[in-house]
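These notes are about the structure you will find just below.
Taken together, the values in this text are just the output of simple stated rules run on the coordinates, not laboratory data. All values derive from a computational prediction rather than experimental measurement. Cβ placement follows ideal geometry from the backbone for every residue including glycine, while neighbour counts extend to all protein chains displayed.
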Amino acid sequence: MSRNVGIVIVSHSTDVARGTADMVRQMVGSEVPLAFCGGDPGGGLGTNVEAIMRAIDAAWSEKGVAILVDLGGAETNSEMAIELQPPERQGKIVVCNAPIVEGAVMAATEASGGATLQEVKRTAEELSPT
Amino acid sequence: MTAQASGSILLTHAIGLHARPSVKLTKLAKSFASAIRLGTGPDGPWIDAKSIVKVMAAKVPQGAKLHFEAEGSDASAAVAALVGLVERDFDGAEADAASG
């Protein structure tokens, strides 16, 4: 079980999700639990709740999980995936209001130092345009 | 025990303190208990060396002198480690410079 907050990347595009995860792995390293999902089961663009739930499982940490999303449906489906989590996980998963690539790298950098879920979220959101 | 330490080092990295060096510097800073600040001049302005957003936003260019000040139980070790990282050109982060 990781002592660091996990990161989940949810994009409409498998390529964007995978590429974002690649950047996190290469720039930050492997000490942060990381999972990504994107695209619909038919190979097109989209997001779906089941895939997001699997990604949350894959990146699960007792310290919590921060989700980075791209557009509309990625956020609403992520929120639905959070609602469907068991009670013991409620309050330990957040969606960050941040650009997906930059936010994921910033969040993972913060998480790698053992920061709390709220600190990780704050760091990702610090980036938002001013 | 609280100690203070400071040090400075010339930033020689090809395109300055861009994304990957910033991540490395911040991660290293976070591994120390001391408060650490990074200045782009001897009198500042100062930023929290543990804040990835602030370090990256500083966009420190090549040729700038980085100043570190640390305060805490491991202040000397922290400054030595950070100066060392910059001196070693971020341990191979230059591979990233070509592609940005």
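Structure data summary
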quantity: Residue-averaged 222 nm ellipticity for chain B, from DSSP H runs of 4+ at -39500 (n - 2.57), nearest 500; calculated: -10000 deg cm²/dmol
quantity: Percentage relative contact order, chain A, counting C-alpha pairs under 8 Å, at least six apart; calculated: 31
quantity: Calculated from backbone phi, Karplus (6.51, -1.76, 1.60) coupling profile of region A:93-107 in Hz, x at Gly/Pro; calculated: 10, 10, 9, 8, 8, 8, x, 5, 6, 4, x, 5, 5, 5, 4
quantity: Folded to 0 to 90 degrees: helix B:19-30 orientation relative to chain B principal axis, Cα; calculated: 10
quantity: Size of electric dipole in chain A: Cβ of Lys, Arg +1 and of Asp, Glu -1, about Cα centre, debye, nearest 20; calculated: 280
quantity: Flagged links, alpha-carbon separation over 28 Å, of A:LYS63/B:LYS30; A:LYS121/B:LYS65; A:LYS92/B:LYS27; B:LYS27/B:LYS65; calculated: A:LYS121/B:LYS65
quantity: All-pairs alpha carbon distance profile, region A:6-125, 5 Å steps from 0, percent; calculated: 2, 14, 26, 27, 19, 9, 2, 0
quantity: Angle in degrees between helix B:75-87 and the longest Cα principal axis of chain B, rounded to the nearest 10; calculated: 10
quantity: Extreme residue, positive dipole direction of the protein assembly as shown, given options A:SER61, A:PRO86, B:ALA58 (C-beta unit charges); calculated: B:ALA58
